[in-house]
Amino acid sequence: MADEVTLLNTRPSLFGIRVKIALAEKGIEYVHKEENLQDKSPLLLKMNPIHKKIPVLIHNGKPICESLVIFQYIDEVYDSGRRAVMTTDGKELIESLKLLEGELGEKPYFGGEKFGYLDLSFIPFYTLFNSFDTYGNVAAKKPR
Ligand SMILES: N[C@@H](CCC(=O)N[C@@H](CS)C(=O)NCC(=O)O)C(=O)O
């Protein structure tokens, strides 16, 4: 089943823009539903009954509220590792690894000498490398 993604939003919202950038970055197709915040739709009131605010992302019928939570959700659900596992040639994964390797260069950490947020956020994904090698047939193509 194809993913159904709807964004409840108002175009000038800075919080909504965050979500739109994240969706665009991941190349996710979605339906944009413009809300009138003076006269909120029954859908918005149903999907965000507590705060009644936009943006709300509706993914296959389930609401995700709060722009930063949506941002994190999009990153986790649509990360390239997941897509790489689901595609046969792992091309996207290889490109992502090359990009990261380029950023890391010879430094011990992405920020230089100090362990930082980006390093932390990638640690769980490093544990997947062995599986990619074993089941994804990407070892020969992996940079380094
Ligand atoms: N912390 C929320 C803030 C969202 C927010 O403040 N949205 C405003 C529009 S920019 C809203 O829906 N206001 C309607 C209201 O307060 O009734 C987020 O990051 O998503």
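For the residue pair Lys26 and Lys114, what label-to-label distance in nm results when each label sits 7 Å from Cα along the Cα-to-beta-carbon direction?
3.0
Take the cross-link list Lys62/Lys98; Lys91/Lys114; Lys20/Lys98; Lys33/Lys91; Lys62/Lys114; Lys20/Lys91 and give me the ones stretching past 28 Å between alpha-carbons. Could you put the intermediate results ahead of the total?
Values: Lys62/Lys98 34 Å; Lys91/Lys114 31 Å; Lys20/Lys98 26 Å; Lys33/Lys91 33 Å; Lys62/Lys114 39 Å; Lys20/Lys91 25 Å.
Over 28 Å Cα-Cα: Lys62/Lys98; Lys91/Lys114; Lys33/Lys91; Lys62/Lys114.
Could you tell me whether the range 5-77 comes out rounded, prolate or oblate from its Cα gyration tensor? Rule is a ≥ b ≥ c as square roots of the eigenvalues, rounded for a/c under 1.5, then prolate if a/b exceeds b/c, otherwise oblate. Each step should come with its number before you reach the end.
On the way: a/c = 1.71, a/b = 1.46, b/c = 1.18.
Note, shape of the range 5-77 comes out prolate.
Grab the Cα-Cα distance for Glu34 and Lys107, subtract it from 0.36 nm times how many residues apart they are, and report the gain in nm with one decimal.
Working: separation 73, 0.36 × 73 = 26.28 nm, distance 4.51 nm.
So the extension gain works out to 21.8 nm.
Any read-out appearing in this document is the output of simple, stated calculations on the displayed coordinates, not a laboratory observation. Quantities reported herein were computed from a predicted structural model and do not represent experimental measurements. Virtual Cβ from ideal backbone geometry, glycine too; neighbours counted across all protein chains shown.
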